[in-house]
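The values are calculated or read from the model by the stated rules, or taken from the named source; none is laboratory data. Keep in mind it's a predicted model, so treat the numbers as computed, not measured. Because the Cβ atoms are built from the backbone with ideal geometry, glycine has one as well, and the counts that use them run over all protein chains shown.
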Amino acid sequence: MNSDPRFINNVSHGIPKVENPLSISWHDSTWIPMLNGGNIMDYFSERTNPFYDRTCNNESLKMQRLGIEHLSNMVGLEYVLLHVQEPILYVIRKQHRHSPNQVTPLADYYIIAGIVYQAPDLASVIGSRMLTMVHHLQSAFDEASSYSHYHPSKGYWWEFKDNEKKGLYNLYHYLTNT
């Protein structure tokens, strides 16, 4: 079984289920008091961080004791510090480098007060907003439907429960019958 913390213990048909990385966070409380722009990449590359891929170019440079400036000459997966707003916010980008001038962003991670989160991608944000919108539209439709009534001899009519809405109903009824 995989020891990666993103894998859930239940297995379906021999395939381990992966937890959504947008719903997990990671932190190491021993580092938090001393985090800064100079050591944030070391913090992010901790072995217990489920967001960090050990096969990246950053690890190769670490093993060879080379500086981060050599990343631009390598091809493959890498992590770069994208934004620093000390002492609380750091943004790290996971990207695939194709050449010294061409990279493809794969994911962004933000560290707020020492806690690492994966930033949602555009599809996740739009999907979440659409789901919220549909929920609110359905709620509005259900409420509007609860005020609508039908009888074969009378047809359709609106019946509101509270007095303020009854006044609107009476006004509507008066205007439609004149």
Exercise. Return the residue satisfying two criteria in turn: it lies in the range 24-34 and is touching a Gly at 6+ places or on another chain (Cβ under 7 Å) and in a loop (DSSP other than H, G, I, E, B), and of such residues it is farthest from residue 116 (Cα to Cα).
Key: 31
Exercise. Can you confirm whether the range 74-94 contains a residue that is more than 26 Å from residue 24 (Cα to Cα) and more than 14 Å from the chain's Cα centre (by Cα)?
Key: yes
Self-check item: Residue selected from the range 117-128 under the condition among the hydroxyl-bearing types (Ser, Thr, Tyr) and either surrounded by 15 or more Cβ atoms within 10 Å (Cβ to Cβ) or touching a residue at least 24 places away in the same chain (Cβ under 8 Å) (or both), by the criterion nearest to residue 34 (Cα to Cα)
Solution: 117
Quiz prompt | Filtered residues of the range 141-151 (kept if loosely packed, with under 10 Cβ neighbours inside 10 Å and over 18 Å from residue 177 (Cα atoms)) | solution = 142, 143, 145
Practice problem: Keeping to the range 4-34, report how many residues are of a type outside the set (A, V, I, L, M, F, W, C), surrounded by 11 or more Cβ atoms within 10 Å (Cβ to Cβ), over 18 Å from the mean Cα position of the chain (by Cα) and at pLDDT 80 or above. | Solution: 1
Exercise. Under 6 Å between Cβ atoms, at least 6 apart or on separate chains: pull out the pairs that start in the range 67-82 with a residue that is over 14 Å from residue 105 (Cα atoms) and end on any residue that is among the acidic types (Asp, Glu).
Key: 71/78
Quiz item: When you go through (1) farther than 30 Å from residue 158 by Cβ; (2) out of contact with any His (no Cβ under 7 Å at 6 or more places or on another chain); (3) of a type in the set (A, V, I, L, M, F, W, C) one by one for residue 61, which number turns out not to apply?
Solution: (2)
